[in-house]
Amino acid sequence: MLTSVYAPLLYRDIFDGAIPSKSQHLLAVAMSLLGLVYVINALAGVLHDEVSARVGALVTREIQRDLFVHLQKQSSAFYARTPEGEIVASFGPDMVALEMAMVRGLPVLISRSLHLILNTVLLFAIQWRLALASFILMPLVAIAPRWFARRARRSTKDRDDQRAAVAEVVQENLVLHLAVRAFGLEGQRLERFTAMLDTLAGHSHDANFFSSLVGRATSIALRIVQIGILGLGAHLAIIGHLTTGLFIAFIGALSNISSALDSLTGSIPLLTQGAVSLGRIRGLLDCPPAMVEQPGAKPLPHLTKELAMDRLTFGFDPEHPVLNDVSLAVPAGRSVAIVGRSGSGKSTVLSLLLRLHDPQSGRVTLDGEDLRNGTEASLRGQTGIVPQNTALFNTTIRENIRLGRLDASDEQVEAAARDAGLHDAILALPAGYDTQVGSQGALLSGGQRQRVAIARALVRKPAILFLDEATAALDAQTEQEIEDLLRGLDSNWTLVSVTHRLSQVSGYDHIIVMENGRVVESGTHVELLARGGPYASLWVKQSGFVIDERGGVQVTVDRLRAIPFLAGCGDEILEMLTRVFVCERFPAGRIVFEEGEPGAKFLLIARGRLESFVKWGDQTKRVLEVLEPGDHLGELEALERLPWMCSVTALSDTTCLSLDRARFLEIADRHPPLRDRIKASAEARIAALKKAIMEAVG
């Protein structure tokens, strides 16, 4: 850097010394020094580039690692509200932009700023009047790009946000490609994608154009300054206030300043993009983790007594608790079920027992020791979980099972697969245990994926096994096979099962019933039925469906009589209904009713779950209600052919008993009071639905 500043002074020696005196010696010395300056400058530049590249690579590596670690500590609520595209972009385009800013932008900013300072000192040393004139004109160089810099930053952020949204749509299309093809949604998805690309193109144009204008405005202003200085310097040389050599040295130093400003201008888009990307990355890093391990945390004891909650309150938003004053106990070596309707808080209880979150008040204890006082590793080491949505990693079956216990031998992996009823099926595959499962296990069936998840949990030899709606996403036959498998396993562990299907847990040692974030009752299956409380009501609601081995469904007369608007019908009509119902299946993700669609049928859910929702304004999905086995829908819409106020989709593979509008009207005509009872029964549901819609959109 100092050598490049020294170069203009050598111009003075050449033009004021060597040339006027016609000294070959002075010329040779000056030219040799000038060559040496350029060689040293070039070597320094290479060293500068190597150091910048190394530092940039190391810094981005550490940022990516820190971000990855931080994201692993986030809750499911964080992932629900944060678009996948935004997270993925933080490791892709955002990290590239940040690295470019550190490798190309920041070093240029530092080195060229020093160039500016040193060459400015040199200008004043050569001719203060000319230097002063230069700096009177120089603010034009700084002011000109500011007219466009703010717009460039805003446009760059808009472009990158839209680019993340486009990436998210592409990723969504890849994951849901079967649904897109099955429902003929190619045109609709392409139309939406094209609209997003049009928006991206507009933002990209603005970002590129205004970023270019920042540099161009600087260059134009710089050329204007150079012309003014050249004219004034020539005038000073003519009147004898400046020698030719010093004037050329001045022009050389000014050229260095111009070059430095050009480099700074070129670095502005890189720094702008890097600042925007860093802001997004910091936004993710600033999100607090779901839980923080206490300093000095000690290993938790191995479970011998109980896992318990003591007056626990928790909410993802502390102002709106999901759980309120919950106390419960899971005795060691016993089977405990946590049941209730969707939204009752049962899955949140499970996540707190696993310490995926920490409560706002109260505590979770293992043999009396608060989980917050123990290390996370000591808890994870004695727990295993089989989730509802089994996510397998894109590797072999063997490695997916071994992820449950990284030091497991091949023999232990195969033993776990045998316990999960998967060993023979694996051996039947061409590559056996080395079979690749594909992205998220796409190359396996739903039942095979769930058995791999069970084997992964079993290979841990857990003290506590958690089942989170472990069979809810499976078809009826596979569900029954998995249930039989779980019941037949050696029960040397403590078993905690979260489910909405009471038939799965009727044989458990203890059942805890949740409603609106509270424990409302607990006991054995027999005790809870005898009390006639919420559990008994749920049991009656889910009973009366007979599912055959092919997945067909029939409903009993007594179960139909439990539906409020059918309660007054005679046995003849109810028996006719049992015969005319049609079994209808909806795979997970299938739209059952579309908002605005005229009512065409009445549905009674036998197994699976449906979800009602609306889309509002920004097309964000707002869930209204989750419907479960025993729930019914569509009676008033079918009777009056009313348009649906919301959309309904299948959350899991769902089997319903369906009655089309023509049949429904025929039965209503045979039993005239039925119309009034349907209207009265549906009135409360419609009012609740309207209220839910208003809350969702407002």
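Out of all the residues in the range 574-592, which are assigned to a helix (DSSP H, G or I) and closer than 17 Å to residue 639 by Cα?
Across the range 574-592, the qualifying residues are 577, 580.
Return the residues of the range 332-374 that are polar (S, T, N, Q), over 23 Å from residue 523 (Cα atoms) and either over 26 Å from the mean Cα position of the chain (by Cα) or modelled with pLDDT of 95 or more (or both); say none if nothing qualifies.
Once the filter is applied, which keeps residues that are polar (S, T, N, Q), over 23 Å from residue 523 (Cα atoms) and either over 26 Å from the mean Cα position of the chain (by Cα) or modelled with pLDDT of 95 or more (or both), the range 332-374 yields 361, 373.
Considering only the range 551-573, how many residues are part of a helix (DSSP H, G or I) and hydrophobic (A, V, I, L, M, F, W, C)?
Here the count works out to 5.
Please tell me if residue 392 is crowded, with 17+ Cβ neighbours inside 10 Å and within 24 Å of residue 484 (Cα to Cα).
yes
Could you look through the range 68-87, keep only residues that are of a type outside the set (D, E, K, R) and in contact with a helix residue (DSSP H, G or I) (Cβ under 6 Å, 6 or more places away or on another chain), and pick out the one that is modelled with the highest pLDDT?
Checking each candidate, the answer is 70.
Would you check if residue 336 is in contact (Cβ under 8 Å) with a residue 12 or more places away in the chain, outside the structural domain of residue 77 (by TED's automatic domain parsing), part of a strand (DSSP E or B) and in contact with a Leu (Cβ under 6 Å, 6 or more places away or on another chain)?
The answer is no for residue 336.
Condition first: of a type in the set (A, V, I, L, M) and under 23 Å from residue 343 (Cβ atoms). Now tell me which residues in the range 637-678 satisfy that.
Within the range 637-678, 645, 648, 650, 651 meet the criteria.
Across the range 284-304, what is the total count of residues that are exposed (fewer than 15 other Cβ atoms within 10 Å of the Cβ) and at pLDDT 90 or above?
5
Please tell me if residue 276 is in the same structural domain as residue 220 (by TED's automatic domain parsing) and in contact with a helix residue (DSSP H, G or I) (Cβ under 8 Å, 6 or more places away or on another chain).
So residue 276 passes the test.
Looking at (1) outside any loop (DSSP other than H, G, I, E, B); (2) touching a residue at least 60 places away in the same chain (Cβ under 8 Å); (3) buried (at least 16 other Cβ atoms within 10 Å of the Cβ); (4) over 29 Å from the mean Cα position of the chain (by Cα), which one does residue 329 not meet, given that it meets all the others?
So the condition that residue 329 fails would be (2).
Going by the structure shown, is residue 395 in contact (Cβ under 8 Å) with a residue 60 or more places away in the chain, closer than 23 Å to residue 72 by Cβ, of a type in the set (S, T, N, Q) and not assigned by TED's automatic domain parsing to the domain that holds residue 612?
In short, no.
Residue-by-condition table, conditions (1) assigned to a loop (DSSP other than H, G, I, E, B); (2) more than 30 Å from residue 384 (Cβ to Cβ); (3) in contact with a strand residue (DSSP E or B) (Cβ under 6 Å, 6 or more places away or on another chain); (4) not acidic (Asp, Glu):
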{"site": "245", "(1), (2), (3), (4)": "no, yes, no, yes"}
{"site": "248", "(1), (2), (3), (4)": "no, yes, no, yes"}
{"site": "256", "(1), (2), (3), (4)": "no, yes, no, yes"}
{"site": "276", "(1), (2), (3), (4)": "no, yes, no, yes"}
{"site": "284", "(1), (2), (3), (4)": "no, no, no, yes"}
{"site": "312", "(1), (2), (3), (4)": "no, no, yes, yes"}
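Having 2 or more residues that are in contact with a helix residue (DSSP H, G or I) (Cβ under 6 Å, 6 or more places away or on another chain), loosely packed, with under 15 Cβ neighbours inside 10 Å and modelled with pLDDT under 80 is the bar; report the helices (runs of 4 or more DSSP H) wholly within the range 92-153 that clear it.
The helices (runs of 4 or more DSSP H) meeting that bar number zero.
Which residues, counting only those in the range 566-595, are among the β-branched types (Val, Ile, Thr), surrounded by 13 or more Cβ atoms within 10 Å (Cβ to Cβ) and over 18 Å from residue 613 (Cβ atoms)?
Within the range 566-595, 573, 578, 580 meet the criteria.
When you check residue 386 against the structure, is it at pLDDT below 90, under 22 Å from residue 501 (Cβ atoms) and in the same structural domain as residue 482 (by TED's automatic domain parsing), yes or no?
yes
Residues are listed down the side, and each one gets a yes or a no for (1) within 21 Å of residue 548 (Cα to Cα); (2) at pLDDT below 85; (3) in the same structural domain as residue 342 (by TED's automatic domain parsing); (4) touching a Ser or Thr at 6+ places or on another chain (Cβ under 9 Å):
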residue: 581; (1), (2), (3), (4): yes, no, no, yes
residue: 585; (1), (2), (3), (4): yes, no, no, yes
residue: 643; (1), (2), (3), (4): no, no, no, no
residue: 656; (1), (2), (3), (4): yes, no, no, no
residue: 660; (1), (2), (3), (4): no, no, no, no
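For residue 382, indicate whether it is more than 28 Å from residue 400 (Cβ to Cβ) and not basic (Lys, Arg).
In short, no.
Considering only the range 179-196, I want to know if a residue exists there that is surrounded by 16 or more Cβ atoms within 10 Å (Cβ to Cβ) and either modelled with pLDDT of 80 or more or in the same structural domain as residue 587 (by TED's automatic domain parsing) (or both).
Checking the range 179-196: at least one residue is surrounded by 16 or more Cβ atoms within 10 Å (Cβ to Cβ) and either modelled with pLDDT of 80 or more or in the same structural domain as residue 587 (by TED's automatic domain parsing) (or both).
Please indicate, with yes or no, whether at least one residue in the range 83-90 is charged (D, E, K, R), farther than 17 Å from residue 164 by Cβ and part of a helix (DSSP H, G or I).
No, the range 83-90 has no match at all.
Does the range 579-594 contain any residue that is closer than 25 Å to residue 666 by Cα and over 44 Å from the mean Cα position of the chain (by Cα)?
Yes: one or more hits.
Taking residue 227 and the conditions (1) assigned to a helix (DSSP H, G or I); (2) among the aliphatic types (A, V, I, L, M); (3) in contact with a helix residue (DSSP H, G or I) (Cβ under 9 Å, 6 or more places away or on another chain); (4) at pLDDT 75 or above, which numbered condition does it fall short on, given that it satisfies the others?
(3)
Can you tell me which residue within the range 7-55, out of those that are modelled with pLDDT under 70 and aromatic (Phe, Trp, Tyr), is farthest from residue 249 (Cα to Cα)?
In this case the residue turns out to be 15.
The values are calculated or read from the model by the stated rules, or taken from the named source; none is laboratory data. Keep in mind that what you see is a predicted model, and the values were worked out from it rather than measured. Methodologically, a virtual Cβ is constructed for each residue, glycine included, from the backbone with ideal geometry; neighbour enumeration extends over all protein chains shown.
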